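These notes concern the structure reproduced below.
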Amino acid sequence: MKKLFKDILSLEDVKGVMLFSFNGELLFKEFSSPLSEEPEARDWWPLLMHSLDGVSEADLVFEKAKFYVRKTDLGYLIVMTGSFVPSAMMRLNCDMVLPALNESSVSKGRKGLFKKRS
């Protein structure tokens with residue numbers, strides 16, 4: 001899975017990537033540096049399933065960070081970035097990753113794609 005997101009994670013000022021199932025389960029996470037709080041400690045469900053219901057992609061802009069959210073066949077992909085990552089570049093990189101992500105999940109079975117975290 002990490003190989004699929006390598007290009008996104010290598011973009012300048014990208015802080016990390018998270019992939020959530022439609023049930024709110026964290027399927028994958030990778031960050032360029034440790035976070036002050038683990039993503040599992042937050043309740044992402046209201047944002048993903050209620051606020052963004054029906055939205056296929058969104059840019060959430062905050063004072064010091066941006067979240068690019070993209071709906072996939074598996075759930076929601078969230079890319080955390082600094083303020084200056086161009087949205088068009090992020091969209092292009094996600095456009096290239098999503099077909100491989102969806103194809104991998106179908107060919108390997110969704111459970112086989114993700115390694116269990118302890």
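Which ones in the stretch 12-51 are under 14 Å from the mean Cα position of the chain (by Cα), at pLDDT 75 or above and assigned to a loop (DSSP other than H, G, I, E, B)?
F22, G24, E25, S32
I need the full set of residues from the stretch 54-73 which are of a type outside the set (V, I, T), part of a loop (DSSP other than H, G, I, E, B) and farther than 17 Å from E30 by Cα, in order please.
Residues satisfying the conditions are G54, S56, F62, E63, K64, D73.
Pick out the one residue from L77, L101 that is modelled with pLDDT under 85 and under 15 Å from K29 (Cβ atoms).
Result of the check over L77, L101: L101.
Assess whether K2 counts as being in contact with a strand residue (DSSP E or B) (Cβ under 7 Å, 6 or more places away or on another chain) and assigned to a strand (DSSP E or B).
In short, no.
For the stretch 21-41, which positions are within 23 Å of S83 (Cβ to Cβ) and surrounded by 12 or more Cβ atoms within 10 Å (Cβ to Cβ)?
If the condition is that a residue be within 23 Å of S83 (Cβ to Cβ) and surrounded by 12 or more Cβ atoms within 10 Å (Cβ to Cβ), then K29, E30, F31, S32, L35, P39 are the ones that fit.
The values are calculated or read from the model by the stated rules, or taken from the named source; none is laboratory data. Note that this is a predicted model, so its numbers are computed, not measured. Cβ sites come from the backbone with ideal geometry, for glycine too, and all protein chains shown count toward neighbours.
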